[in-house]
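Just so it is clear, none of the values below were taken in a lab; they were calculated from the coordinates. A quick note: this is a predicted structure, and the numbers were derived from the prediction, not measured. Cβ placement follows ideal geometry from the backbone for every residue including glycine, while neighbour counts extend to all protein chains displayed.
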Amino acid sequence: MQYKNKNFHVENISTEKLARKFNTPFYCYSYSRIKNNILNFKNHFNKINPLVCFSVKSNSNLAILKEIRNLNCGADVVSKGEMMKASKAGIIAKKIVFSGVGKTYSELKYAINKNILLINVESLSELLAIEKIAKQKKKKVDIGIRLNPNTDAKTLKQISTGRVGDKFGVGEKEFIKLVKYAKISKFLRLKCLSVHIGSQILSHKPYEKMLKVIDRLIKKTHHEFEFVDLGGGIGISYDKNSKKFDFKTYNYLISKFLKKKNCKIIFEPGRSIIGNAGVLISKIIYIKKNKNKNFVILNAGMNDLMRPALYGTKHQIVPSKKNKKILNKTLEFVGPICESTDKFLTIKKFQSIKEGDIIIICDVGAYGMSLSSNYNLRPLPAEILIKNSKIKIIKNTQKLDDLI
Ligand code: LLP
């Protein structure tokens, strides 16, 4: 994604062209970015040879899941819907892991019938529910137990999941209890220890702490885990100045952890695979002058892209067509939704713009479309994939008639 002759391009297609062809707002993804992200991710860990299970919650578009399956990834799912979608994309059951604190009885039954790779259990009650279903079906079910390692991921508090007060996983004492129970159960096969301490993590240090906790705990349980599932969470640079995640050190730490162990690593990346592979293309409806700033009112709103309103996060905003005129006025890019949190970014220096111009919101491939909603009774936007110079509509704009 870059400017060519002052025009923003996704691969070799200009966003000006796309915006003439399709109604804004819409998401647009680059296949080569997705592919490179996956290959780079795997390359960083090539000695470890992990199973990479893409986190479907970050982006569940079927066409994208198919591409990801073709690049040899499995899936990390958190609901029956995500499990069904992963299967529909052709991801085999033995590459699907199922997490979540509130898996229902019927979701567990579905997962057990499918013989997925692992159900990562998050409580004693869930363990007992799985055992009960397994007993009814006269089956032995492969499970993992999700540990809450009480490790601060040093990320936004809303997306931290590994501290003692967070609802995810079980603490050390409970973990040991569940291991003991599962080991002697006739209907459970304890294969995995899983963790996921949070999302958008930019330092390897929390992972280092987490690995120490896991290492100590594995020794305590004397259990030979076939898998250690380290979850996802690796962050991306949403602005040019933020530091990049140190894959080399993380890889080194994991290799050290694996010494004298005979287990396979599973990763569940979402954002690091798809985050920077998508943009949201929108149009300026109005520019409204205000005392100290101008409101730039886009036709994309918080229903299309929830992250800024929900977490206060910033996504870069750039013009589709560059010009040299600098505006010395603060601009606040907002959406049309009737909420004051429906704002994307405030920018002090931007180029001159006018109503009708196309505006690009960057790095929205992860948790963009998947968090979108029909709030204000707005239809969900379309999704477009650019692959090998071809423009593919991978989801149509939702029809208003279907909403009404
Ligand atoms: N595995 C588990 C068990 C998870 O809960 C998550 C994300 C992942 C893997 C993938 O994490 P990633 O590699 O994408 O960081 N909506 C928020 C992010 C929520 C993440 C939830 N869990 C956002 O927009 O920042």
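Sorting the segments 68-76, 248-256 by their mean number of nearby beta carbons within 10 angstrom, highest to lowest, gives 68-76, 248-256. Each peptide in 6-12, 392-398, 118-124 receives the mean, over its residues, of other Cβ atoms within 10 Å, and ordering these scores from highest gives 118-124, 6-12, 392-398.
Against the main long axis of the alpha-carbon atoms of the chain, helix 172-184 sits at an angle near 60°. Spatially, the stretch 333-404 and the stretch 2-33 are offset by 13 Å when compared through their Cα centroids. For the stretch 284-381, DSSP calls about 75 percent of its internal beta bridges antiparallel. Building the convex hull from the alpha-carbon atoms of the stretch 31-273 and averaging its projection over directions returns 12.3 nm². With a cut-off of 15 Å on the backbone N, no residue of the stretch 280-315 is near the modelled label site 7 Å out from residue 322 along Cα-Cβ. Roughly what % of DSSP beta bridges within the stretch 31-273 run antiparallel, to the nearest 5? So the antiparallel bridges amount to about 5 percent of the total. Cross-link check: pairs 103/132; 240/395; 157/209; 212/244; 283/390; 21/288 evaluated at a Cα-Cα cut-off of 20 Å; pairs beyond the cut-off: 240/395; 212/244; 283/390; 21/288.
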